[in-house]
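Okay, structure first, notes after.
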Amino acid sequence: MPTPVNPHTLKPGMRFDQALFTRHGVKLLAPRIALTEEMCNTLAELRQTSLFLADSARDFSDVPPILDKFPIAPGGHAEADYLTTGGVLAIEAGQEIEKYHADAFSEGAIHADAEGEIRRNWANRIKLADAYASQLSETFTNLPLKLERGVDPLDLSALNSPGWPNQPALARFRDERVELFRRMFGRILGGLHVDSAGLFALVDELIDKLLLYPERFTQLALLTPRKRDYLPAHAYTTAVLAIAIAARMGCSREDTRNAGLAGLVADLGMGLIPRDIRTAKRKLTEIEINRIQRHPAFSVVLLDVIADLPDQVRLAALQHHERDNASGYPSRLRTSKIGDLARIVAVADNFAAATEPRPYKHRKKPYDAIEELIVMGSQKVFDRRVVRALVESCGLFPVGSYVRLSTAETAVVIGAHAGHVDRPIVRVAAPKPDVPPETRDLMDYEPWELSVINAVEAPPSLRRHLRAAG
């Protein structure tokens, strides 16, 4: 049974071995968090006569009956407010149901019929998340912000190792891993325990592929079809790019692994933002903007259900929207206060978002996105070293770009050379549709024999023909 706690008796420094809930099963704080003065004030302001200590919302006898199965399929809209048994993810009436919600509600759903309970707690949950993030920031002050470079770096000298999958197999591989991560993503959002071994396995698999196929590795992020506003897919793309960047910067396997993990989990907090806000074409309200800008703090709060996650990864998740010129959020930090892992994830996240389809803006050509990042690096928005490592990994004409060659042929970029970023590996369309495309490595030609003239948009028929090839 839950243990009642009078919110007015809470004092800074107090810790509890169980999570703190409202009487309706909304989780406010994870176990073993040291209360701060700000947290105590926020909890005292709640419209609650008592708070409760419990392990999950299932412990409450007076919450509405727990449904074994969430009653709404993805694509539908909730007709009422629902809460996960972990007490974290709250679905509001009218909100669109996304794929990962099924995983968040995998252990049951609570029909939250208390009028306005979920909405009423949003502002307080934001305050508590901010306070927790601020507390962690103080804890993180002992963490080194700089990554050692050149100490036991990964060997990226492999060239064209056999066994790289053709496009259909590559797309299947990526889709399977994205859906595997989706199940973890949903459970984390639901406040349900997730074994960190699954996350580590996804990242280690990517690092192993990078070591074998460094020139083609970023195909996993940029060449396969991507779905609009699908958060698990965006996270996987960000992880691929973060791994590539960290390795090119000369980081160790451990630091590269942490970069990949941070890329996977940094945007978890966006899963708490309804899709109609994330994809709105209209001008967002101040409250909606505030919710979005608090998603790094929510990401850190959500990470408490993952055991053995390195603190460096938590810090990167919190800081990945900070910018070197103090224009970022949530804390407007400057260069000296931002960790290298966060800088890596920031560039990976930005490039992933810019090159994937979005319902509210036009997808940029990869070349335009990389050019914009180079400019922002020169303006000290992003770390220029990180941007350079991205260019070395993806190419100046990034993997996935369509380019016009000096022969007047159109090609898609499928690989990059770190030392010659303007001399990619390309797949060239054949004169006839029934003839398979030809792969050419521009490093095998003199520049006057074959070079890239410019990036272009490819007609849909050509795009299908080039990408369907092995």
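Within segment 319-355, what residues put their amide N at less than 17 Å from the label point 7 Å along the Cα-to-Cβ vector of residue 385?
323-325, 334-348
Which value results for Rg/Rh of segment 166-214 when Rg is the Cα radius of gyration and Rh the Kirkwood radius based on the inverse mean 1/r? Could you put the intermediate results ahead of the total?
Numbers: Rg = 12.7 Å, Rh = 12.0 Å.
On the Cα set of segment 166-214, Rg over Rh gives 1.06.
Give, in nm to one decimal, the length gained when the segment between residue 404 and residue 158 is fully stretched (0.36 nm per residue of separation minus the Cα-Cα distance).
That pair, residue 404 and residue 158, stretches by 85.8 nm at full extension.
Can you tell me the length gained on complete extension of the stretch residue 451 to residue 172, counting 0.36 nm per residue apart and subtracting the Cα distance?
Length gained between residue 451 and residue 172: 97.3 nm.
Ignoring everything except DSSP H segments at least 4 long, calculate the 222 nm mean residue ellipticity for the chain; use -39,500 (n - 2.57) per segment, divide by total residues, nearest 500.
Values: 16 runs with 190 residues, N = 470.
Helix contribution divided over all residues of the chain: -12500 deg cm²/dmol.
How far apart, in nm, are the 7 Å Cα→Cβ label points at residue 93 and residue 308?
4.5
Expressed in nm to one decimal, what extension gain is obtained for the pair residue 77 and residue 422 from 0.36 nm per residue of sequence separation less their Cα-Cα distance?
Values: separation 345, 0.36 × 345 = 124.20 nm, distance 4.74 nm.
Length difference between fully extended and current span is 119.5 nm.
Would you please state the base-10 log of I(q)/I(0) at q = 0.07, 0.08, 0.09 1/Å for the chain, with intensities from the Debye formula using one equal scatterer on every alpha carbon?
Listed by q, the Debye log ratios stand at -0.38, -0.50, -0.62.
What FRET efficiency do you get for residue 142 and residue 430 if R0 is 51 Å and r is their Cβ-Cβ distance, rounded to the nearest 0.05? Mind showing how you got there, number by number?
On the way: r = 59 Å, r/R0 = 1.16.
It comes to 0.30.
Express the C-alpha Rg of segment 3-136 as a ratio against the empirical globular expectation 2.2 N^0.38 Å, rounded to two decimals.
Values: Rg = 14.9 Å, N = 134, 2.2 N^0.38 = 14.1 Å.
That ratio works out to 1.06.
Please compute P(r) over all alpha-carbon pairs of segment 26-86, binned at 10 Å starting from zero, and give each bin as a whole-number percent.
Percent of Cα pairs in each bin: 16, 40, 29, 15, 0.
If I model a spin label at residue 50 and residue 6 as a point 7 Å from the Cα along the Cα→Cβ vector, what separation in nanometres do I get?
1.2
Explain nothing, just the number: dipole magnitude of the chain about its Cα centre with +1 on each Lys and Arg Cβ and -1 on each Asp and Glu Cβ, in debye rounded to the nearest 20. Spell out each step's value before the answer.
Numbers: 59 positive and 60 negative charges, 205 e Å.
My answer is approximately 980 debye.
What distance in nm lies between label points placed 7 Å from Cα along the C-beta direction at residue 195 and residue 332?
The modelled label-to-label distance comes out at 4.6 nm.
Just so you know, all these numbers are worked out from the coordinates, no wet-lab data involved. In this text the structure is predicted, and so the values were computed from the model without any measurement. Cβ coordinates were reconstructed from backbone atoms using ideal geometry, including for glycine residues, and neighbour counts include every protein chain displayed.
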